[in-house]
Every structure is written in structure tokens, then in C-alpha cells.
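Here is the structure we will look at.
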Amino acid sequence: MAPPKKKKGALSKSAKYYRDNPEARKKKAETDKRINARPEQKKKRRESGKKRYEAKKKGQNIKGKDYDHHSNRFISSYNNRARKGEGGRKKKE
């Protein structure tokens, strides 16, 4: 069973927007589906899952952390997801 919906005041700006605009929500779901089907995205998910499995096996506490593909270590999920753009880092020239 799905968890109960949050009250509107507890939602982020974008969550409120997508809840109120079903056409936009559908379009975003299609876009996300296309992005997540890309081979490089699948590779990142496989790599991340493998790293999490290995870290848990070693007994590391990784609760609330994501694997950062740039620094090759676990950092807080907030910092890892809060960057702007593709990874939030400047491209090497």
C-alpha cells in the first residue's frame, strides 16, 4: 500500500506544481523514463548499487549517504543531489 499523501504545506515548490498539473507530471514522468533508460544512467545505478553492497558488507554506516561518482566516496545525499547541472561540477577543458 502506498504511503499517505503529504499535506500541501509540507511539499516542495516543484512537488506542489506537479500535483496540481497532471499534464506536466505526465510529461516529466516520460522524460525521467527516457533519461533513466540511457546506458550511462544504467551504468551509474549498477556502479552505485555495487558500491553500496560492498560498503554494507564491510560494515560501513552509509545511512543517508549516496555514492559520489566524481570523488569516488560516499557523501551525504543532500550534498550529492543539491548541485546544479550535470553533477554540478565544471567540465574539464
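Once you divide the Cα radius of gyration of the stretch 30-78 by 2.2 N^0.38 Å, the number left is 1.27.
Measuring between alpha carbons in the structure, the pairs from Lys28/Lys65; Lys6/Lys43; Lys27/Lys51; Lys13/Lys42; Lys16/Lys56; Lys8/Lys65 lying more than 30 angstrom apart are Lys6/Lys43; Lys27/Lys51; Lys16/Lys56. Taking 1.306 mPa s as the viscosity and 10 °C as the temperature, the Stokes-Einstein diffusion coefficient of the chain based on its alpha-carbon Kirkwood radius rounds to 99 µm²/s. Per residue, the chain reaches -16000 deg cm²/dmol at 222 nm when only DSSP H runs of four or more residues are counted, each adding -39500 (n - 2.57). Give me the one-decimal nm value for the distance between modelled label points at Lys7 and Gln41, 7 Å along each residue's Cα-to-Cβ direction. A separation of 3.4 nm, rounded to one decimal place. Using a cutoff of 8 angstrom between alpha carbon atoms and counting only pairs six or more residues apart, the relative contact order for the chain works out to 11 percent.
The numbers here are math on the coordinates, done by the rules we state, and not lab data. Being a predicted model, the structure only gives us computed values, none of them experimental. Note: ideal-geometry Cβ built from the backbone for every residue, glycine included; neighbour counts use all protein chains shown.
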